[in-house]
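Read through the structure below, which is laid out as structure tokens, and then see the notes.
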Amino acid sequence: MIHRSVIAQAMLLITLYCAGCIQVDANRDFGDASARTAERNSASDSYNPSDELLCKEKARTLLDGGLTIDEAVSVALLNNPAFQAEFMTIGASRADVVQSGLLTNPSLFFSVRFPDAGGRSSLNFSFAQQIVDLWQIPVRKQIAEADLERSVSNVLDRGVQLAAEVRAQCIQVLALERTEQIAADNLELTHELLKLSQARLDAGETDPTDVNLVNSHVYLAEQVLIAVRRDRRTAELTLASLLGLIRWPEPWELHGSLEAGAGSTTNPNDLVLWARDERFDVRVVTSQIDSAEAQLEREYLETFPNLTLGLEAERTDRRALPGRKILADTARASIAAGAPTAPTIESRGQRDLIRRQIVDSLLGPSIQLTIPIWDQNQAQIAKTRFVVLQLRKQYESLLDRVTREVHQACITASAARELVDLLGAKALPRARDNVEIIRKQYENGEQGILFLLEAQEALLQQSRAYVDALRDNALASAELVRAVGGRRPTGGVDQPTTTQPASSQP
């Protein structure tokens, strides 16, 4: 018996020790989310809270020698503080998953009561354990795991959005750099025109009006250059903020091109199917629906919110026996017997019999149950049912928004591509030719300065329009990538595999 008792106590201690050693380890979740973020956005790496210092070093390495647009995306995914903060929700959700699998702590009760007339005190002891956890833990874990999946999908979706924002801002910076170069070239060309008009004035071939007109255009060109330079610096500041480099002590540069690439040949309807399967915001809502449906099941289980089994023990109190007066008892016994007589004394057997008849302690099981008479959790069940219906409607609304965004991105990209082709192949070369022709005519005195200034202004407008078209084309391409979930299909588009919410009423 002693050997079995020792084994039972040892097993109890081991169980309690293991329960106390449960830890929340989210490193695997962090690594999975980091790898999926990098893969989805065609980045070399992404932030991982488990390797904070390594992420800083990777970002520093990428900055050496300047950044391409893809490298800028990698730096943002490694170094953007707001994006890094999103990862903490994964750790919190993993903690919820661990918590959902734990039993409620048992209750221990102990009390001592002292009798007022002396004697042995009363002891009460009880141990109780909530057992509704046995059928609620699977549902709680289902809810927590759906919330964890939602947190991961939120981080992945934020990564896609951040990558799209960085690409768009890089395109803006590159476009403004090119616009600044056009403005600088226009200023240089206007200065050359000023020299030409001054030379003709010195030669007596024109009057001061031409010089004054060109001077006014010089001032306008300088104003345009100053404004474009300001816009470019502001755009670079915004890009630095997205990259997490706003306080970076070392200089860095952005390299890239706005030259138009090949347009998408995938059918927009196929892209919509692809987007429904690939976009993480769709998966977020799907996870929310799964969590809400599991919560609805839990609310039904909450109809009986409390069922507690326990063990109770009580050691009853015992009053002290009154003190015995031997002389008085002897006198009473002698008077009754008519002769000196000793008082009556109980035998050991009689005393043992009396002790066996006294209830010394009580031990037995206990049960506590909340009876659902007035509150059967009807309100919470109905509330959760409405939440499920609301999420399903939001899912349908999100699918409509996905369809609209994909079609709109395709339309914008197609129109931008046509505009690039028009300006690059026809309008811009014609404007350059006009400037050269009218310049020669002005030098020969065949045209006035106004015609040359108008031709130069038309060239400036066409050049800026071409840069804007290249920018819009690149932005439309980046927006299309974002709209379909961060990557375009490389082959045929299969039917979507995303788990659809149940259509039956909860």
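Could you please find all residues in the stretch 381-423 being touching a residue at least 24 places away in the same chain (Cβ under 8 Å), of a type in the set (Lys, Arg) and under 30 Å from residue 474 (Cβ atoms)?
417
Just for the stretch 392-419: of the residues that are among the charged types (D, E, K, R) and exposed (fewer than 15 other Cβ atoms within 10 Å of the Cβ), which one is nearest to residue 468 (Cα to Cα)?
418
Please specify each residue of the stretch 119-136 satisfying the condition of being part of a helix (DSSP H, G or I) and either among the acidic types (Asp, Glu) or exposed (fewer than 15 other Cβ atoms within 10 Å of the Cβ) (or both).
The answer is 133, 134, 135.
Residue 204 fails exactly one of the following numbered conditions: (1) surrounded by 15 or more Cβ atoms within 10 Å (Cβ to Cβ); (2) at positive phi. What is the number of that condition?
Failing condition for residue 204: (1).
State yes or no: is residue 181 touching a Ser or Thr at 6+ places or on another chain (Cβ under 7 Å), modelled with pLDDT of 90 or more and closer than 23 Å to residue 66 by Cβ?
no
Run down 220, 194 and say which single residue is of a type in the set (A, V, I, L, M), at pLDDT below 90 and closer than 25 Å to residue 450 by Cα.
194
Name the pairs whose Cβ atoms lie under 6 Å apart, with the first residue in the stretch 444-461 and assigned to a loop (DSSP other than H, G, I, E, B), the second open to solvent by less than 60 Å² (accessible area, probe 1.4 Å), and 6 or more positions between them or separate chains?
447/438; 447/441
Based on what the data block shows, is residue 240 in a helix (DSSP H, G or I), free of Cβ contacts under 8 Å to residues at least 24 places away in the same chain and under 25 Å from the mean Cα position of the chain (by Cα)?
yes
Can you tell me which of (1) more than 16 Å from residue 287 (Cα to Cα); (2) modelled with pLDDT of 95 or more; (3) open to solvent by less than 60 Å² (accessible area, probe 1.4 Å) is the one residue 389 doesn't meet?
(1)
So, residue 188, is that one in contact (Cβ under 8 Å) with a residue 24 or more places away in the chain and of a type in the set (D, E, K, R) or not?
So residue 188 does not fit the description; no.
The values are calculated or read from the model by the stated rules, or taken from the named source; none is laboratory data. Note that the coordinates shown come from a computational prediction; the quantities given were computed from them, not determined experimentally. Cβ sites come from the backbone with ideal geometry, for glycine too, and all protein chains shown count toward neighbours. Accessible surface areas use protein heavy atoms only, side chains included; no ligands, DNA or RNA. Shrake-Rupley method; radii C 1.70, N 1.55, O 1.52, S 1.80 Å.
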